[in-house]
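Taking it in order: structure first as structure tokens, then the write-up.
Bear in mind these aren't lab numbers, they're just calculated from the coordinates by the rules spelled out. The structure displayed is predicted, hence computed values, not measured ones. Glycine also receives a Cβ, built like all others from the backbone with ideal geometry; neighbour counts cover every protein chain displayed.
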Amino acid sequence: MIRETIKVAIADDNREFVSIIQEYLAQQEDIDLVGVAYNGEEILSIIEESNPDVIILDIIMPHLDGIGVLERINTLKGKRPKIIMLTAFGQENITQRVVELGADYYILKPFNMDVLASRIRQLASTITIQRPAVVAQAIKTRP
């Protein structure tokens, strides 16, 4: 049985960190790195050209930050990639915002590479056709 590989793209302005992730992912037989971006504008081009299954996205980047990338992804047509957000510091208001914008998972740096690979596989195995932009709230009815 031939198993499809998971197409992954990375967006992070820390080139040394990206290099470490690239080396690790190259050792994973079921993961294919289809693009590397060092700013938000570059990752949007990679998404359109390569249609990755999962994007590893840093929050703080030049030209367009991770939140801006999420906002733009939400306007794109077609299959939406799963998003793993990365950040060096966890601020609750930022975390809440990226979740509202549709991030599927949030990882604080530094992290274990095996955990990252595990999350990529978990997210790639769950299929979302279209994500609602706003979570609906229950409507109270009168008795």
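Tabulated results
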item	result
Net charge, residue 105 excluded, C-beta distance under 11 Å - Lys, Arg +1, Asp, Glu -1	+1
Debye-sum result for the chain in log10 I(q)/I(0), which assumes one identical scatterer on each alpha carbon, at q = 0.15, 0.21, 0.22 Å⁻¹	-0.72, -1.43, -1.59
Gain upon complete extension [residue 32, residue 122; 0.36 nm per residue less C-alpha separation]	30.9 nm
Alpha carbon centroid spacing (whole Å) that separates the stretch 77-92 from the stretch 13-64	12 Å
Length released on extending from residue 71 to residue 89, taking residue separation times 0.36 nm less the Cα-Cα span	4.4 nm
Dipole of the chain [Lys/Arg +1, Asp/Glu -1 at C-beta], most positive-end residue of 26, 60, 14	60
Qualifying trypsin sites (Lys or Arg not before Pro) in the stretch 1-52, DSSP loop, other Cβ atoms within 10 Å at most 14	3
